[in-house]
Amino acid sequence: MTKIFIFDTTLRDGEQSPGVNLNQLEKMEIAKQLERYGVDRMEVGFPASSKGDFNSVKMIADTIKNSSVTGLARAVKSDIDIAWDALKGAEEPCLHIFIATSPIHMTYKLKMTPEQVVNQAVEMVTYAKQKFPKVQWSAEDASRSDLPFLAQIVERVIDAGASVINIPDTVGYSTPEEYGKIFKYLTENVPNIDQVHLSCHCHNDLGLATANTLAAIENGATQVEGTINGIGERAGNVALEEVAVALKIREDFFQYKTGLNLVETKRTSDLVAHLTGMHVQANKAIVGRNAFAHESGIHQDGVLKHAETYEIITPEMVGVTSNTLFLGKHSGRHAFRDKIVELGYELSEEKVNEAFETFKELTDNKKEVTDDDIFTILMELQTDTTAVDKYELSMFQVQYSSMNIPTATVSLRTPSGEYVQTAKSGQGSVEALYGALEELVSEEPEVSDYQLSSVGRGTDALAEARVQLHINEQLVSGRGSAQDVIEASASAYLNAVNRYIIQKTTKATQKIN
């Protein structure tokens, strides 16, 4: 079987999703899990875009050993130089350089002639190859490019030293037949195409990303670019787990395989969903909550008699297991530490102790503590360690009954150390709570989205709240968990505000330096 290389861009293209703002520790947790998942290459940022992105890329490049770490760059020397400084400590540093090739992009965005685009691409690939052992070149908006021109520029950048050629469907415009024909055309009309891997990168604007990706593989692509859960700009990217499982289940048809450890699929999906705040829809293929649920009586009867009557994928293949009791109030620190390792986390002794104390508090109030509960506790530890003063919830109280208007009283400790308090009413408890918080913080946030879900089942389940706030024309997300839904909601709100403060403070410090 031919191997299909997996190029994950969750930390670059995926993080461009509106409202997603990961800190360095969160990016590192995702990178480590992608390494466990077995991705061949991970694109972890755009180093020249900001000092924060540079630092994140460098930290990951210096840490990850079993996957090639990649950074994005425009076809500009300064971008390439900055990317090299960030990536040079990687086991196999790789540069992903791009320039647009469609008539509409060249004319209106680049304001360059086709000949100028070719010369710029060749010059920058040649320059990048002097530093990087592996250079990937992308033809932005390739699916709307003229094929003879696309073949010409591909041949030239291969001669210049590119080792991977990426043909993205940047705006999700192609159909499977059209997209497959592009790869077929290039394999038949570029003389040196056998010297490189052909890569596909599909967006999902028309819901065709997975179908287009499979069509590309059938026509010569040997690398797939995508994200976990299909996150990304607009309608997102192709979901890597969908492609990988499709190739596995239908290997009789496709005759291709990936190097992914499919058992890590669900864990990877959950981690990305938790840290980005982007929920996976219940009926999402492979990793959705209902992916292995059967409600129809006919389906249930069939599955009970023989699972393959309605299940083409076993839950165990992608790491879906029953959520059973594993630790209780009498469990010790050693057992808890072992569970952290089992879940794939590496924590300092200080963080282990902090997580253990939270766990013990939870066992005093919750009858059953599950893997999901522990996972949520660990997520709460992934906060930015930047030495920035933040808002802290000192006290809250909500008065509510069917006969009275809900009123929330909130006390906060501000970043300056001052304690402030106010009370607000609203049509509901959360509205009253958020009205009070809005009055107490000075950043003037506006709630854009609010979601509440339970972690596990039962009336004693943890509540997990997610909120998106608009602050000074910037969209920031926050999350919080607690057994009380109001406390979880307050934590999520302040988490978002504090993330904004950290980002603003970090940018100001970078300008001074």
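The values are calculated or read from the model by the stated rules, or taken from the named source; none is laboratory data. Fair warning: this is a prediction, and the values are worked out from it, not measured in the lab. Note that each Cβ is placed from the backbone with ideal geometry, even for glycine, and that neighbours are counted across all protein chains shown.
Per-residue answers, yes or no, for (1) surrounded by 17 or more Cβ atoms within 10 Å (Cβ to Cβ); (2) over 30 Å from Thr321 (Cα atoms); (3) touching a helix residue (DSSP H, G or I) at 6+ places or on another chain (Cβ under 8 Å); (4) small (Gly, Ala, Ser):
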{"site": "Ser402", "(1), (2), (3), (4)": "no, yes, no, yes"}
{"site": "Ser425", "(1), (2), (3), (4)": "no, yes, yes, yes"}
{"site": "Val430", "(1), (2), (3), (4)": "yes, yes, yes, no"}
{"site": "Gly458", "(1), (2), (3), (4)": "no, no, no, yes"}
{"site": "Ala463", "(1), (2), (3), (4)": "yes, no, yes, yes"}
{"site": "Glu473", "(1), (2), (3), (4)": "no, yes, no, no"}
{"site": "Ser477", "(1), (2), (3), (4)": "yes, no, yes, yes"}
{"site": "Tyr493", "(1), (2), (3), (4)": "yes, yes, yes, no"}
Of (1) more than 20 Å from Leu381 (Cβ to Cβ); (2) at pLDDT 90 or above, Gln474 satisfies all except one. Which? (2)
Could you grab me the full set of residues in segment 127-149 that are surrounded by fewer than 16 Cβ atoms within 10 Å (Cβ to Cβ) and under 26 Å from Ala86 (Cβ atoms)? Gln130, Pro133
Can you tell me which residue among Asn66, Asn21 is in a loop (DSSP other than H, G, I, E, B), surrounded by fewer than 17 Cβ atoms within 10 Å (Cβ to Cβ), outside the structural domain of Leu469 (by TED's automatic domain parsing) and of a type outside the set (Gly, Ala, Ser)? Asn66
Residue list for segment 454-477, filter: touching a Lys or Arg at 6+ places or on another chain (Cβ under 8 Å), touching a residue at least 40 places away in the same chain (Cβ under 8 Å) and assigned to a strand (DSSP E or B): Leu462, Glu464, Arg466, Val476, Ser477
Tell me, which residue of segment 140-188 that is touching an Asp or Glu at 6+ places or on another chain (Cβ under 7 Å) and in a helix (DSSP H, G or I) is nearest to Thr113 (Cα to Cα)? Ser143
Mind listing whichever residues of segment 189-212 are of a type in the set (Val, Ile, Thr) and either assigned to a helix (DSSP H, G or I) or farther than 28 Å from Pro133 by Cα (or both)? Ile193, Thr210
Would you mind telling me which numbered condition in (1) more than 23 Å from Thr170 (Cβ to Cβ); (2) modelled with pLDDT of 95 or more Glu26 fails? (2)
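Among Thr376, Thr363, Thr370, Thr358, which is the only one that is in contact with a helix residue (DSSP H, G or I) (Cβ under 6 Å, 6 or more places away or on another chain), under 21 Å from Thr459 (Cα atoms) and at pLDDT below 90?
Step by step, each of Thr376, Thr363, Thr370, Thr358 is checked, and only Thr358 is in contact with a helix residue (DSSP H, G or I) (Cβ under 6 Å, 6 or more places away or on another chain), under 21 Å from Thr459 (Cα atoms) and at pLDDT below 90.
Every residue, every condition in (1) farther than 30 Å from Asp449 by Cβ; (2) under 15 Å from the mean Cα position of the chain (by Cα), yes or no:
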| site | (1), (2) |
| --- | --- |
| Leu25 | no, yes |
| Ala31 | no, yes |
| Tyr37 | no, yes |
| Arg41 | yes, yes |
| Phe46 | no, yes |
| Asp53 | no, yes |
| Val57 | no, yes |
| Thr63 | yes, no |
Could you identify the single residue in Glu242, Glu225 that is in contact (Cβ under 8 Å) with a residue 12 or more places away in the chain, farther than 16 Å from Ile167 by Cβ and either assigned by TED's automatic domain parsing to the domain that holds Asp13 or in contact with a helix residue (DSSP H, G or I) (Cβ under 7 Å, 6 or more places away or on another chain) (or both)? Glu242
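Tell me, please, whether a residue that is touching a Gly at 6+ places or on another chain (Cβ under 6 Å) and in the same structural domain as Phe98 (by TED's automatic domain parsing) can be found in segment 141-149.
Going residue by residue through segment 141-149, those that are touching a Gly at 6+ places or on another chain (Cβ under 6 Å) are none.
For segment 141-149, residues touching a Gly at 6+ places or on another chain (Cβ under 6 Å) and in the same structural domain as Phe98 (by TED's automatic domain parsing): absent.
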Taking segment 123-138 on its own, how many of its residues are closer than 19 Å to Lys184 by Cα and either in contact with a helix residue (DSSP H, G or I) (Cβ under 6 Å, 6 or more places away or on another chain) or free of Cβ contacts under 8 Å to residues at least 40 places away in the same chain (or both)? 1
Restricting segment 308-343 to residues that are among the aliphatic types (A, V, I, L, M), closer than 30 Å to Ile249 by Cβ and surrounded by 15 or more Cβ atoms within 10 Å (Cβ to Cβ), the residue that is modelled with the lowest pLDDT: Val320
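Kindly indicate which of Asn204, Asn229 is touching a Lys or Arg at 6+ places or on another chain (Cβ under 9 Å), closer than 20 Å to Arg144 by Cα, crowded, with 20+ Cβ neighbours inside 10 Å and not small (Gly, Ala, Ser). Break it down into steps so the answer makes sense when it comes.
Working: Asn229 fails: closer than 20 Å to Arg144 by Cα.
After applying the criteria, what remains is Asn204.
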Which numbered condition trips up Asp81, out of (1) surrounded by fewer than 19 Cβ atoms within 10 Å (Cβ to Cβ); (2) assigned to a helix (DSSP H, G or I); (3) in contact with a strand residue (DSSP E or B) (Cβ under 8 Å, 6 or more places away or on another chain); (4) of a type in the set (D, E, K, R)? (3)
Here is a list: Ala239, Ala285. Which entry is of a type in the set (A, V, I, L, M, F, W, C) and either at positive phi or surrounded by fewer than 21 Cβ atoms within 10 Å (Cβ to Cβ) (or both)? Ala285
Restricting segment 344-365 to residues that are loosely packed, with under 14 Cβ neighbours inside 10 Å and under 26 Å from the mean Cα position of the chain (by Cα), the residue that is nearest to Thr265 (Cα to Cα): Glu346
